[in-house]
Amino acid sequence: MPEFAPLKNDLILRAARGEKVERPPVWVMRQAGRYLPQYHVVKAGNDFFACCRNPDLASAITIQPIDHYDGYIDAAIIFSDILVIPQAMGMKVDILDKIGPHFPDPLREPSELDTKLTKDVDVLQELDWAFKSITATRLKLNGRVPLLGFCGGPWTLMVYMIEGGGTKLFRYAKTWLYAHPDASHELLSRITDVAVEFLAQQVVAGAQMLQVFESWAGELGPKEFKEFSLPYLRTISSRFRKRLLELGITEHIPLTIFAKGAWYALDWLADSGYDVVSLDWLFDPKEAVKIVNGRVVLQGNLDPGTIYGSKEVISKKTEEMIADFGGGKQGYIVNLGHGTQPFFDPENLGWFLKEVHRVGSA
């Protein structure tokens, strides 16, 4: 591991550990992306995954919002994608313009687990570029803010691998759950194995905090979530800690879970081994605070659509949110309830960030 500069701003790490802080830290999901004009300059016609695999481009894109909103964002998150795990497992994934993720040859039958997937994935080799991007970015940040890494949740990745892309019906993934539950568990276990190693090696490369994106959690009912998602999320958190110790890392690395749409699961997630539970905008913050009762730090949960409103509306909603989470001086990290959108006005997002500082410092 190279020698990294000491942190000048460790606010989010202190907040994630549950410490009292001078103001709530803030970052936004998908903060490095298409809403910033300079993103398109750096991307310059390159394929999305080509940018991810190029440490110079990935690090430049990661740092763009840190520069653009200088002093107002408390963490950088590496420019990458949750679908790099299926790629490491042997599947081809493209990002099609105006369509999104596309798997030309998705999994459709349980027998294809052995014909389309690599059995024993060499994570260090297959995702070497991801670790190089993290290290390069951490060095370029020079301690300005912590660097966050991430991965997709097992159920979410299973959906993409079986459906072949985004979906509204979940026809093929649900067929697997209900017609082939044993094969579903095998696939989820194999994804989990890769996720654990990927997260741990991101820390070795320089990531200082991590988030697991279970983006399709809300497509499962409570019983199905307890069978096909929650056990694997718990396995990730427990095995990740053990793997870090095996790698000689004794520092506590904060781990966040974002299970979008799983409103019924907050109590379970608070006991699942994560330091932070990120909420989408469908949660009532006051109720969430009651449910977790100090067991974890909460993150979120402004409706991303608020950024399309006036500055007055953004201010009002930000004030309400921070107040509903208890004022933000302990147990809270400010974020959107989902990722940024390509049509955001960068000035409005900047106004939100500044308002977080104003309100949170009061």
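Here are a few things to note about the model shown:
- Local electrostatic count, N335, Cβ distance below 11 Å [Lys/Arg +1, Asp/Glu -1]: -1
- Å² per residue, accessible surface of the chain at 1.4 Å: 41 Å²
- Within the range 60-212, antiparallel bridges make up roughly 40 percent of the DSSP beta bridges whose residues both belong there.
- Annotation: amide H of L279 within the under-5 Å range of Q299, G300, sequence separation 5 or more or interchain, hydrogens built in the peptide plane.
- Summarised in one figure, the compactness ratio Rg/Rh of the range 60-126, Cα atoms and Kirkwood Rh, is 1.14.
- Dipole in debye (nearest 20) - the range 166-231, about Cα centre, beta carbon charges: Lys, Arg +1; Asp, Glu -1: 260 debye
- Accessible-area ranking of D193, D275, largest first, probe 1.4 Å: D193, D275
- The chain: calculated mean residue ellipticity at 222 nm from DSSP helix runs of at least 4, using -39500 (n - 2.57): -13500 deg cm²/dmol
- Acute angle (nearest 10 degrees) that the helix 55-68 long axis makes with the longest principal axis of the chain, alpha-carbon atoms: 30 degrees
- Whole-number D in µm² s⁻¹ for the range 1-73, Kirkwood Cα-pair radius fed into Stokes-Einstein, 10 °C, 1.306 mPa s: 111 µm²/s
- Projected area, mean over directions - the range 102-234, Cα convex hull, nm²: 8.8 nm²
- Expressed as a whole percent, the accessible area of the range 191-348 that falls on carbon and sulfur atoms is 52 (1.4 Å probe).
- GNM flexibility winner over the chain from G309, G149, G164 (Cα, springs under 10 Å): G309
- In the calculated pair-distance distribution of the range 1-126, the portion above 21 angstrom amounts to 56 percent of the Cα-Cα pairs.
- Diffusion coefficient, µm² s⁻¹, Stokes-Einstein with Kirkwood Rh over alpha-carbon pairs of the range 175-232 at 10 °C and 1.306 mPa s: 123 µm²/s
- Here the extension length gained between V41 and Y264 equals 76.1 nm, from 0.36 nm per residue of separation less the Cα-Cα distance.
- Residues whose amide H falls under 5 Å from that of G165, counting only those 5 or more places apart or on a different chain, are F103, with hydrogens built in the peptide plane.
- The range 1-147, relative contact order [Cα under 8 Å, separation at least 6], %: 35 percent
- Here the Karplus curve 6.51 cos²θ - 1.76 cosθ + 1.60, taken at θ = phi - 60°, turns the phi angles of the range 218-228 into couplings of x, 8, 9, x, x, 5, 5, 4, 5, 9, 10 Hz, with x standing for Gly and Pro.
- Antiparallel bridges, percent of DSSP beta bridges restricted to the chain (to nearest 5): 15 percent
- Label reach from E224 (point 7 Å along Cα→C-beta): in the range 179-210, amide nitrogens under 11 Å belong to 179.
- Centre separation in Å (Cα based) which lies between the range 95-134 and the range 144-199: 11 Å
- Of every Cα-Cα pair in the range 217-362, the percent that sits beyond 26 Å: 32 percent
- Between the C-alpha center of the range 2-26 and that of the range 211-285 there is a gap of 21 Å.
The values are calculated or read from the model by the stated rules, or taken from the named source; none is laboratory data. Owing to the predicted nature of the structure, the values given are computational and were not obtained by experimental measurement. Heads up, the Cβs are rebuilt from the backbone with ideal geometry, glycines too, and the neighbour counts pull from every protein chain shown. SASA here: full protein model, heavy atoms, side chains in, ligands and nucleic acids out. Shrake-Rupley method; radii C 1.70, N 1.55, O 1.52, S 1.80 Å.
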